[in-house]
Amino acid sequence: MVADYWENVFTARERGQQVVWYNGSAVNPIFQAAGLEWCHGEAFSARLAAQQLEKPAQLAAEEYGYIGELCSYARTHLGCAVLTQQARSEDQTGVVGLIDQQELASRLPAPDFFVNAYAGCSTGQQWDEISYRVFGKEVPIFNVSLPFLWGNKPDSGYLRGREWDEASQYVARQLHDLIAFVESMTGRPFDWDALREAMTYIKRASELRREAMELCKAAPTPATYWDWIASIAHINFLPATQELVDYFQAVKDEIVKRLESGIPGVQNERYRFYFDGIMNWNKLGWLAKKFAAHDVAMVCGRYTHNAFWQEPHLIDTDDPILGMAQHYLLCPTNHGTKTLKYLTNRDCEEYGVDGIVFHASRTCRAFTNPQHLLAKAAQRELGIPSMFFEGDVADASFYKDEILESRLVAMLETIDLRRSRATA
Amino acid sequence: MTQPSAGALSTLIEIAENPTGYVTRWKTATGGKAIGAFPMNFPAEIAHAAGVLSVVVQESREPITSGRNLLTEFYCGYTRNLADQAARGRLDVYDGFFLADHCIQLLGAVDVVREEGNRPVYFGQLMASMGDPWTRTAVDGKMLSFREELAEFTGRTIGDADLARSIRLFNENRRLLRSVFDARRAGDATFTSAELQALVKSSMVMDKEEHTALVRRALAEARAARRDGRIRLHLSGHFCHAPRPELLRAIEDCGAIVVDDDLFHGTRYISTDVREDVEPLAALSQWYLDRNVSVPCPTRVQHDVDWDAYLLDSVRASGADGVIVLMAKFCEPHMLYYPELRKALNAAGVPNLLIETEHEGLPLESVRTRVEALLERIRHSQLANA
Ligand code: SF4
Ligand code: SF4
């Protein structure tokens with residue numbers, strides 16, 4: 001499904017389709033309803049990194065002047081923008097040149113317009129502004145501004161309080177403006193029925209995903225965090241169709257089957273961990289194997305469990321805009337630490353977690369911001385220990401394997417010691 | 001609060017170097033409340049109108065210790081230091097904190113301030129996308145929320161007349177400081193760039209009326225000097241916190257003279273006045289929007305405002321021979337915009353150099369070598385064009 005999606009993006013120009021580049025929130029159902037092809041910048045960077053194909057784009061970015069400490073998603077994607085723009089000015093085809101195609105395994109079509117709707121991280125909005133400049137300020141851009149859910153008032157909290165209500169309405173109003181902008185770009189009236197239909201599929205897919213996650217509270221867990229990582233693309237940006245619903249139905253069925261047959265996600269589950277941080281796409285398989293080798297089942301995490309249409313009850317399929325706006329606000333980097341402590345500790349308790357792994361992603365400060373405070377809170381309030389390892393979202397050079405290995409061993413020893421004391 | 005016997009400039013420098021000392025003295029003398037405001041756009045006029053001393057929290061010089069366990073090392077020097085100051089109780093002199101800017105690293109640090117301390121922290125997020133049809137209304141709403149919050153914080157209402165008075169005092173202060181910067185552009189060299197920084201930094205800390213009076217005295221006491229034949233430089237960038245004075249001195253010691261800048265602790269902070277002929281809160285909203293046009297900032301998103309074009313215009317206007325971009329290491333908006341600056345400067349044939357700064361460790365020797373190389377390049381091109 002994912003490969004088909006990208007193939008579709010790459011062939012958009014040949015099929016005379018308009019292409020929108022966007023970052024941040026999953027506004028893609030709006031593009032789908034408008035008959036556009038959509039290309040999610042972070043997803044593209046993640047894909048390149050997961051396939052170890054990120055280097056050419058990162059080199060192009062470096063040559064253009066981006067410093068290596070800049071968000072590697074942005075750096076990779078801006079590198080693609082630089083290459084795409086060069087190719088566009090070379091032959092006006094809007095397709096990355098042949099050598100770059102081979103290196104990138106991609107044919108990223110130049111955008112007809114940009115939409116930016118980035119929650120949590122200020123870099124997200126600035127990044128698209130720079131893409132706009134890299135393309136010579138000739139490609140139209142639309143910004144949706146998503147307020148940070150800081151939690152100023154005593155009534156502020158997860159899905160509640162005046163701040164939440166006002167922010168939800170504020171974003172919903174902007175989505176209506178976005179739709180008007182999309183109409184002006186396509187020259188067609190917006191198909192509201194198509195949006196309602198798309199959101200109906202997303203709501204159902206999300207319900208199935210949440211139900212399946214719920215089943216993973218069992219010990220041993222039938223599926224792990226890494227399995228949920230593998231289905232992020234599906235819930236985040238694939239077309240919302242019956243196929244999407246079928247996919248998550250199959251995921252859930254598989255988990256039920258595993259539970260019934262006693263097949264665990266990790267062969268010999270002895271420890272249950274929570275993963276905090278953005279994914280380290282270069283090391284995805286590697287990390288999954290490393291933790292499994294130590295009998296650690298990574299049962300849940302902030303990036304998978306507190307993101308991606310995670311509150312389907314908020315979606316009113318007849319009038320989906322408000323629920324969409326609310327999900328865009330529910331990005332796991334868009335909360336103050338107070339709310340994140342609540343979410344993390346809640347999940348740690350519900351999933352019976354023994355320890356937390358913090359991925360200190362070098363160039364993604366949005367995710368690292370609250371990590372030390374979360375670690376302290378989990379230790380203080382639940383007695384759950386944690387460990388940090390250094391890596392990055394899409395730049396392999398920041399990953400430090402020795403640190404991960406030694407800290408993991410140390411944390412497992414701490415947990416063993418505590419267990420033996422408890423049983424003594 | 002200030003020591004009248006000292007030379008006014010030395011007093012200003014002393015306050016710039018030790019803001020906490022000033023705030024403590026001010027609180028003792030007035031019995032008033034002080035708030036720590038985080039850079040770069042908090043409308044301090046509203047706090048002033050409520051009788052509060054609003055201080056832009058400055059980076060301290062202490063090495064980072066406890067803060068290491070609260071924020072990782074790949075944050076800009078300002079935010080790392082902020083977390084450290086919070087952890088060590090160095091911010092206890094403030095009765096509350098206010099923030100208007102959405103920078104992700106800054107939010108991380110301010111959340112540490114909130115979690116580690118017990119003072120109220122209010123974030124009124126001024127939207128960073130400046131040109132949308134709803135920007136103005138959203139900014140108006142935030143200005144109103146600042147007024148409400150500060151009224152609650154102080155227990156007093158903030159009337160339009162109070163606000164208008166504060167706006168007048170702040171404008172007067174900005175105008176005075178701008179006159180000094182304008183003079184520098186026109187060839188005055190009375191103050192070094194480190195001294196000019198102290199004038200601005202102390203303005204961020206002090207009561208505005210007192211500051212204005214002290215700057216007037218410093219101007220009266222100063223011995224006027226004209227610019228000599230040294231190579232003229234523009235310093236660009238460095239948001240939120242001040243580049244170290246010793247860095248500025250090292251640059252000038254290499255045989256250059258700074259003739260203009262767009263630093264936050266410089267032209268950026270004093271660039272824009274608040275209109276006095278419209279309703280005060282509306283004027284503050286307009287100020288926020290105008291500011292990004294006066295001196296564009298990459299923390300904002302505004303399609304028809306270009307920092308690169310602004311920089312080239314400034315260089316032409318001041319006659320600078322080259323540009324040094326000072327970047328707080330890890331500052332994301334600056335890293336994102338930097339290639340656009342470099343591209344524009346190179347295309348216009350303006351020699352330029354990037355220097356990154358960190359909270360700890362300023363490699364002065366290597367800075368000197370690099371600045372000298374830049375100056376050499378400039379001399380060569382001047383000879384070639386002569
Ligand atoms: S730093 Fe992280 S959250 Fe921010 S734009 Fe980059 S990947 Fe997104
Ligand atoms: S210096 Fe840059 S990264 Fe640091 S707080 Fe300011 S804008 Fe943010």
For the range A:29-73, name all the residues that are touching a Leu at 6+ places or on another chain (Cβ under 8 Å) and among the aromatic types (Phe, Trp, Tyr).
-> A:Phe44, A:Tyr64, A:Tyr66
Of A:Gly65, A:Gly35, A:Gly16, the only residue that is open to solvent by 40 Å² or more (accessible area, probe 1.4 Å) and more than 15 Å from ligand 1 (Cβ to nearest atom) is A:Gly16
Of all residues in the range A:235-268, which are of a type outside the set (Ser, Thr, Tyr) and closer than 11 Å to A:Tyr201 by Cα?
-> A:Ile235, A:Pro239, A:Ala240, A:Gln242, A:Glu243, A:Leu244, A:Val245, A:Asp246, A:Phe248
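Please work out if B:Lys33 is out of contact with any helix residue (DSSP H, G or I) (no Cβ under 9 Å at 6 or more places or on another chain), more than 16 Å from ligand 2 (Cβ to nearest atom) and open to solvent by 10 Å² or more (accessible area, probe 1.4 Å).
So B:Lys33 does not fit the description; no.
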Starting from residues that are in a loop (DSSP other than H, G, I, E, B) and crowded, with 21+ Cβ neighbours inside 10 Å, keep the ones in the range B:303-337 and report whichever is nearest to the other protein chains (Cβ to nearest Cβ).
-> B:Phe330
Give just the number: which of (1) within 16 Å of ligand 1 (Cβ to nearest atom); (2) of a type in the set (Ser, Thr, Tyr); (3) in a helix (DSSP H, G or I) does B:Thr299 not satisfy?
-> (3)
List the number of the failed condition for A:Asn143; all other conditions in (1) open to solvent by 20 Å² or more (accessible area, probe 1.4 Å); (2) within 8 Å of chain B (Cβ to nearest Cβ) hold.
-> (1)
Going by the structure shown, is B:Tyr94 more than 16 Å from ligand 1 (Cβ to nearest atom), within 14 Å of chain A (Cβ to nearest Cβ), touching a helix residue (DSSP H, G or I) at 6+ places or on another chain (Cβ under 9 Å) and at pLDDT 95 or above?
-> no
Taking strands (runs of 3 or more DSSP E) that do not extend beyond the range A:296-414, which have at least 1 residues that are within 14 Å of another protein chain (Cβ to nearest Cβ)?
-> A:355-361, A:386-391
Does any residue in the range B:226-241 that is of a type in the set (Lys, Arg) come within less than 9 Å, Cβ to Cβ, of a residue that is surrounded by 24 or more Cβ atoms within 10 Å (Cβ to Cβ) and assigned to a loop (DSSP other than H, G, I, E, B) six or more places away or on a different chain, and which pairs are these?
-> B:Arg232/B:Ala320
From the set of residues in the range B:278-298 that are open to solvent by 10 Å² or more (accessible area, probe 1.4 Å) and among the aliphatic types (A, V, I, L, M), which is farthest from the other protein chains (Cβ to nearest Cβ)?
-> B:Val278
For A:Thr363, which of the numbered conditions (1) free of Cβ contacts under 8 Å to residues at least 60 places away in the same chain; (2) within 16 Å of ligand 2 (Cβ to nearest atom); (3) open to solvent by less than 10 Å² (accessible area, probe 1.4 Å); (4) not aliphatic (A, V, I, L, M) fails to hold?
-> (1)
Those residues that are in a helix (DSSP H, G or I) and either touching a strand residue (DSSP E or B) at 6+ places or on another chain (Cβ under 6 Å) or closer than 28 Å to B:Tyr78 by Cβ (or both), I need them from the range B:342-371; list them, please.
-> B:Arg342, B:Lys343, B:Ala344, B:Leu345, B:Leu364, B:Glu365, B:Ser366, B:Val367, B:Arg368, B:Thr369, B:Arg370, B:Val371
What residue, among those in the range A:41-53 that are of a type outside the set (Gly, Ala, Ser) and open to solvent by less than 10 Å² (accessible area, probe 1.4 Å), is nearest to the other protein chains (Cβ to nearest Cβ)?
-> A:Phe44
Look at the range A:23-73 and say how many of its residues are more than 16 Å from A:Ile232 (Cα to Cα), among the charged types (D, E, K, R) and either within 16 Å of ligand 2 (Cβ to nearest atom) or not in a loop (DSSP other than H, G, I, E, B) (or both).
-> 5
Just wondering, is there one or more residues in the range B:104-119 that are surrounded by fewer than 24 Cβ atoms within 10 Å (Cβ to Cβ), free of Cβ contacts under 8 Å to residues at least 12 places away in the same chain and more than 16 Å from ligand 1 (Cβ to nearest atom)?
-> yes
Is there a residue being among the acidic types (Asp, Glu), open to solvent by less than 20 Å² (accessible area, probe 1.4 Å), at negative phi and modelled with pLDDT of 95 or more anywhere in the range A:265-272?
-> no
Just to be sure, is A:Leu330 open to solvent by less than 10 Å² (accessible area, probe 1.4 Å) and either under 20 Å from B:Thr72 (Cα atoms) or at pLDDT below 95 (or both)?
-> no
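Here's the yes/no breakdown for (1) among the hydrophobic types (A, V, I, L, M, F, W, C); (2) open to solvent by less than 10 Å² (accessible area, probe 1.4 Å):
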position: A:Leu108; (1), (2): yes, yes
position: A:Gly120; (1), (2): no, yes
position: A:Asp128; (1), (2): no, yes
position: A:Val139; (1), (2): yes, yes
position: A:Trp150; (1), (2): yes, yes
position: A:Gln174; (1), (2): no, yes
position: A:Ser184; (1), (2): no, no
position: A:Gly187; (1), (2): no, no
Which members of the range B:72-90 meet the condition of being open to solvent by 10 Å² or more (accessible area, probe 1.4 Å) and either facing chain A (nearest Cβ under 7 Å) or more than 11 Å from ligand 2 (Cβ to nearest atom) (or both)?
-> B:Thr72, B:Glu73, B:Gln85, B:Ala86, B:Ala87, B:Arg88, B:Gly89, B:Arg90
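The values are calculated or read from the model by the stated rules, or taken from the named source; none is laboratory data. Predicted model, so just to flag it, every value in this text is computed and none were measured. Positions of Cβ are generated from backbone atoms using ideal geometry, with glycine treated the same way; all protein chains shown enter the neighbour counts. The accessibility values were calculated without ligands, DNA or RNA, using every heavy atom of the protein model including side chains. Shrake-Rupley method; radii C 1.70, N 1.55, O 1.52, S 1.80 Å.
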